Amino acid sequence: MDQSFRQEQTQTQQNLQQISQQQLLMVKLVEMPLVQFEEKVRDELNENGALEENLPDDDFTPDDDFAPDAPENETFDQQNEREERQDELNNALENIGRDDQMDSPAQTRWAEDYTEPVFGNTESFYDLLHQQMGEHDLNERQQTIMTYLIGSLDEIGRLRPTIQEIRDYLDIYYYLDATEEEIAEMIHLLQTFDPPGIGAKDLQECLLLQINRKADSPVKQQMLTVVTRYFEELRKNHVDQIQAALHLDDEQKDNLIREFKKLNPKPGAALDEAIGKSQQQITPDFIVDTSDDGQITFTINQGNIPEMHIAPSFIETIDLYKNKSQLNRLEKDSLIYTKERVERAKNFIEAIKQRRVTLFKTMKAIIDVQQDFFRSGDDADLRPMKLKDIADHTGLDISTISRVCNQKYAQTRWGTFSLKHFFSARYVTNQGEELSTREIKSAMKTIIDEEDKKHPLSDEALAQKMKEAGYPISRRTVNKYREQLNIPKASLRKS
């Protein structure tokens, strides 16, 4: 049978979306809480000589088009002068020859109360985990789940929420209906990341994850036996009881203890040193004020962020060289460097403006939806709200809203809250009425708090009480919400 080969050349059209360096910078700035943002601004001021700071202006209060560029109280002549200087700078940058473009530049103890300090590490613990996530070929759903898992780790690297709670949060914050199997798969993958022990639900699982990475040996088997069968003795440091149970001589016991001391019960404890202890103290990103007559206003907390401009000396350098017909090598290098610094400064200033606008739009939308809560401070007044609702309200992407709400706090008349506190899932009754799950949980907790402790209510009785209170939910839903509130069942509440 004859075989023939033919080579053909075809042309196809594809839509590829690539994020620009400017967009990437804005995304990073939007995600930063105030403390990190202040550090970023200071670093940029120190690194880029083309960036200079002014005296800070008043709080940012965008007008209707959300694009305030001109300073307040600016005279007509001052406005013309500013616009002329900006046009001159833009023209200078555009008219420079394109052939001179420059390429863009120990061990630890296993005791529960031990913290291992790490010095000289400028990357955050979460940054390192996100880098490892990028080493795996994950689809969009898996990336969303993993991103949430990493963000849910506490300060010592534990993953405290249950799979069901994670499902609820993903539904609220990311509009993602993930299955238990999908979440369990991503938790298992997270637990393979470094440092060993990350993503464990408790100390016992944390130690087991680290032991299982060791090479097979008699000592490894002994360690597994201790953690699985004699964990309480290990926690209480009852070494003699463990030695007797495993029939170990003194040398074997000492060797076993040495191996346990190599384990780290708090694999995420280095986070404090990596990003600074000062960040553990909550600094609100928004100040929300509710007056006695119910008027709600807010400002963005500017902290120690100065107003910035491009250094006049750099603009003068560009003006000087653009008028020369020929440049020597030194002048050309100086021009390339100056242009790159100025462009970087312009992009940074613009990214800061975009960050302010994005934060303002997002917080304004949250307040518009949750006005009742900001007036009363009662969780029961929180309306059902998801990230998609705020995205639709602002015209921003869901991922942008998610970044704004990450690690951001709002100081209100009723206390300081994470922005995630204002989001709540929907519960739809048989009559089609939408209720906030947070409102339902608040009502259920009130009923339990007021019950007769000698005769606590069963889940069936709770469901009936909730129905009478206007929250027609099933016994199964009562059980689910009760567990999420960490409230024990009736038999354990009896006093």
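The values are calculated or read from the model by the stated rules, or taken from the named source; none is laboratory data. These figures come from a predicted structure and were not determined experimentally. Positions of Cβ are backbone-derived with ideal geometry, glycine not excepted, and every protein chain shown enters the neighbour counts. Keep in mind that these areas ignore ligands, DNA and RNA; they rest on the heavy atoms of the full protein, side chains included. Shrake-Rupley method; radii C 1.70, N 1.55, O 1.52, S 1.80 Å.
Couple of notes before you dig in:
- Packing-based order for 294-307, 153-166, using average beta carbon neighbours within 10 Å, highest first: 153-166, 294-307
- The modelled label-to-label distance for the pair Asn304/Glu135, using points 7 Å beyond Cα in the direction of Cβ, is 3.6 nm.
- Checking the cross-link pairs Lys236/Lys262; Lys465/Lys494; Lys28/Lys388; Lys266/Lys364; Lys388/Lys408 against a 28 Å limit on the alpha carbon distance flags Lys266/Lys364 as lying beyond it.
- Distance from region 437-495 to region 340-370 (C-alpha centre basis), Å: 44 Å
- The mean sequence distance of close C-alpha pairs (under 8 Å, at least 6 residues apart), as a share of the length of region 177-238, puts its relative contact order at 19 percent.
- Cα gyration tensor, region 356-429 - rounded (a/c under 1.5), prolate or oblate: oblate
- Distance between the 7 Å Cα→Cβ label points at Asp368 and Asp397: 2.1 nm.
- Here the calculated FRET efficiency for Phe231 and Glu331, from their Cβ-Cβ distance with R0 = 56 Å, stands at 0.20, rounded to the nearest 0.05.
- Full extension of the segment from Thr283 to His455, taken as 0.36 nm per residue of separation minus the current Cα-Cα distance, would add 57.5 nm.
- The fraction of accessible area contributed by carbon and sulfur in region 290-445 is 43 percent, rounded to a whole number (1.4 Å probe; ligands and nucleic acids excluded).
- Normalised contact order of region 329-426, rounded percent, pairs of Cα under 8 Å and 6 or more residues apart: 24 percent
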